[in-house]
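Asks: There's a structure below that I have some questions on.
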Amino acid sequence: MQCLKTGKPVENVELFVAKNGRHGIEAVGKIQPQVILLDMNLPDIPGEEVVRVIKSQGQLKDIPVMAVTANALQDDIEKAVNMGLEDYITKPIHFETFLHKLARILNGKK
């Protein structure tokens, strides 16, 4: 993977992209990633449904999920956190904030 900011390769990072929620759920089951970055506005099913499915499956429920979305209302953020998301970042993404939140999740801190 290549860093968007510096253009330099990022070591020990693999990025998997799913084109919709159903493919995302399938991919998570096969890959079992360290973290899931989830757009809440997907073309096929709502992001909330993706979270519900992932969090209901024993082998997947502990994978941290961070919403990456245009939904910036406080109600949207509270709803996502109450669903069990580890964090929430709104678009347009401030790159340094995103990296800080991602590092905090990967290091097991809330």
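The values are calculated or read from the model by the stated rules, or taken from the named source; none is laboratory data. Just so we're clear, the structure is a prediction, and the values are computed from it rather than from any experiment. Because the Cβ atoms are built from the backbone with ideal geometry, glycine has one as well, and the counts that use them run over all protein chains shown. With ligands, DNA and RNA removed, areas are computed over all heavy atoms of the protein, side chains included. Shrake-Rupley method; radii C 1.70, N 1.55, O 1.52, S 1.80 Å.
Asks: Which count do you get for residues in region 58-81 that are open to solvent by 60 Å² or more (accessible area, probe 1.4 Å) and either more than 22 Å from Arg22 (Cα to Cα) or part of a loop (DSSP other than H, G, I, E, B) (or both)? It would help to see each step written out before you state the result.
Replies: Of all residues in region 58-81, those open to solvent by 60 Å² or more (accessible area, probe 1.4 Å) come to 59, 61-62, 70, 72-75, 78-79, 81.
Those left that are additionally either more than 22 Å from Arg22 (Cα to Cα) or part of a loop (DSSP other than H, G, I, E, B) (or both): 59, 61-62, 70, 72-75, 78.
Of the residues in that region, 9 qualify.
Asks: Could you tell me which residue of region 39-57 is surrounded by the fewest Cβ atoms within 10 Å (Cβ to Cβ), considering only residues that are assigned to a loop (DSSP other than H, G, I, E, B) and under 14 Å from the mean Cα position of the chain (by Cα)? I'd like the intermediate steps shown before the answer.
Replies: Here is the first cut: in region 39-57, the residues assigned to a loop (DSSP other than H, G, I, E, B) are 39-46, 56-57.
Narrowing the set further to residues that are under 14 Å from the mean Cα position of the chain (by Cα) leaves 39-42, 46.
On the way: Asp39: 18, Met40: 21, Asn41: 10, Leu42: 19, Pro46: 12.
The residue in question is Asn41.
Asks: May I ask you to verify whether Ile36 is open to solvent by less than 30 Å² (accessible area, probe 1.4 Å), under 14 Å from the mean Cα position of the chain (by Cα) and modelled with pLDDT of 95 or more?
Replies: On the way: open to solvent by less than 30 Å² (accessible area, probe 1.4 Å): yes; under 14 Å from the mean Cα position of the chain (by Cα): yes; modelled with pLDDT of 95 or more: yes.
Yes; evaluated as a whole, the condition is true for this residue.
Asks: Looking at region 13-22, can you tell me whether even one residue there is in a helix (DSSP H, G or I) and among the charged types (D, E, K, R)?
Replies: To start, the set of residues in region 13-22 that are in a helix (DSSP H, G or I) comprises 21-22.
Next, only the ones that are among the charged types (D, E, K, R) stay: 22.
Within region 13-22, one or more residues are in a helix (DSSP H, G or I) and among the charged types (D, E, K, R).
Asks: Out of the residues in region 87-109 meeting the condition of being touching a Lys or Arg at 6+ places or on another chain (Cβ under 7 Å) and under 12 Å from Leu38 (Cα atoms), tell me which one is surrounded by the most Cβ atoms within 10 Å (Cβ to Cβ). Before you say what the answer is, go through the steps one by one.
Replies: Taking region 87-109 as the starting set, the residues that turn out to be touching a Lys or Arg at 6+ places or on another chain (Cβ under 7 Å) are 87, 89, 95.
Now restrict to residues that are under 12 Å from Leu38 (Cα atoms): 87, 89.
Details: Asp87: 21, Ile89: 18.
Restricting to residues being touching a Lys or Arg at 6+ places or on another chain (Cβ under 7 Å) and under 12 Å from Leu38 (Cα atoms), the top hit is Asp87.
Asks: How many residues are closer than 21 Å to Tyr88 by Cα, open to solvent by less than 90 Å² (accessible area, probe 1.4 Å) and in contact (Cβ under 8 Å) with a residue 12 or more places away in the chain when one looks only at region 14-31?
Replies: 5
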